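All of the numbers you see were taken from the coordinates with simple rules; none came from a lab. All values derive from a computational prediction rather than experimental measurement. Cβ: placed from backbone, ideal geometry, glycine included. Neighbour counts: every protein chain shown.
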Amino acid sequence: MSPSARKPVRMCVRCDRITDEPVVVSEVHSASGPGFNVYACPACAPLFPPVPDVLDLLDGER
């Protein structure tokens, strides 16, 4: 990250604290528009299950 770039700042979905070290814990997909990511702080992130790989989910469909 360049020195002039801003750090990402997000609110933790679990504890509602603002963090400048967000971790993606979920991806919300939408058929009618762009989806979004759900973030947690580093302390809460281990409490969420790992985000599944989309290709692994497709393998289960076959």
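Please enumerate the residues belonging to region 24-36 that are part of a strand (DSSP E or B) and either surrounded by 13 or more Cβ atoms within 10 Å (Cβ to Cβ) or in contact with a His (Cβ under 7 Å, 6 or more places away or on another chain) (or both). Those that are part of a strand (DSSP E or B) and either surrounded by 13 or more Cβ atoms within 10 Å (Cβ to Cβ) or in contact with a His (Cβ under 7 Å, 6 or more places away or on another chain) (or both): VAL24, VAL25, SER26. Among the residues of region 12-23, some residue qualifies, meaning at least one is in contact with a helix residue (DSSP H, G or I) (Cβ under 9 Å, 6 or more places away or on another chain), surrounded by 10 or more Cβ atoms within 10 Å (Cβ to Cβ), in contact (Cβ under 8 Å) with a residue 12 or more places away in the chain and outside any loop (DSSP other than H, G, I, E, B).
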